[in-house]
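Please read the structure below before turning to the comments.
The values are calculated or read from the model by the stated rules, or taken from the named source; none is laboratory data. No experiment lies behind these values; they were computed from the predicted model shown. Note: ideal-geometry Cβ built from the backbone for every residue, glycine included; neighbour counts use all protein chains shown. When the accessible area is computed, the model is the full protein with side chains, heavy atoms only, and any ligands, DNA or RNA have been set aside. Shrake-Rupley method; radii C 1.70, N 1.55, O 1.52, S 1.80 Å.
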Amino acid sequence: HLPMGYPALTDEAGWVVGTRLQLRDAAALAAMDAFEGYDPERSPVDNAYTRQWRSVCAIDGTALGSAWMYVMAVARVHHHQGVWIPTGVWSQTDWPSIQPD
């Protein structure tokens, strides 16, 4: 959980619960990239996240295929004083915006 009030997936996250979206076209993916602060033309250190193609599973572990995911570098999460959520389940109700100490 980031102090700004939203989650960040990292390479060290383990299992996380999320929502898989089916986008209409490349323009919709470009809009998602912009929303997530990702530009494939920028250096990875200049992006908030990197977009990575990863395997996804149902909650029972059944393989569902692969999907794009936005992954934040662990160092960037630490820089923002992010909080690890051991269950892998984030909701704004349970994790409202916080102020770093």
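Rounded to the nearest 20 Debye, what is the dipole magnitude of the chain about its Cα centre when Lys and Arg each give +1 and Asp and Glu each give -1 at the C-beta?
My answer is approximately 160 debye.
Could you point to the residue in Val71, Gly61, Gly82 farthest towards the positive end of region 24-101's charge dipole, with +1 and -1 charges on the Cβ of Lys/Arg and Asp/Glu respectively?
Gly61
Of all accessible surface on the chain at a 1.4 Å probe, what whole percent is carbon and sulfur?
The nonpolar share, carbon plus sulfur, comes to 57 percent.
Roughly how many Å is it from the Cα centre of region 1-35 to that of region 40-101, as a whole number?
If you average the Cα positions of each part, the centres end up 7 Å apart.
In square nanometres and to one decimal, what's the mean projected area of the convex hull around the Cα atoms of region 35-101?
Answer in nm², one decimal: 6.2.
Counting Lys and Arg as +1 and Asp and Glu as -1, what is the net charge of the other residues whose Cβ lies under 13 Å from the Cβ of Arg51? Write down the numbers at each step before the final one.
Working: positive: Arg42, Arg54; negative: Asp33, Glu36, Asp39, Glu41.
Net of charged neighbours comes to -2.
May I ask what percent, to the nearest 5, of DSSP beta bridges between residues of region 1-85 are antiparallel?
Roughly 90 percent of the beta bridges in region 1-85 run antiparallel, per DSSP.
What is the sum of charges around Tyr38, taking Lys and Arg as +1, Asp and Glu as -1, for the other residues whose C-beta is under 13 Å from the C-beta of Tyr38?
So the environment of Tyr38 carries a net charge of -2.
Could I get the Rg over Rh figure for region 3-65? Both from C-alpha atoms, Rh via Kirkwood, rounded to two places.
Numbers: Rg = 13.4 Å, Rh = 13.7 Å.
Result for region 3-65 is an Rg/Rh of 0.97.
Taking only Cα atoms and a 10 Å spring cutoff, compute GNM fluctuations for the chain and point out the largest among Val83, Val45, Val71.
With Cα springs under 10 Å in the chain, the top fluctuation among Val83, Val45, Val71 is at Val45.
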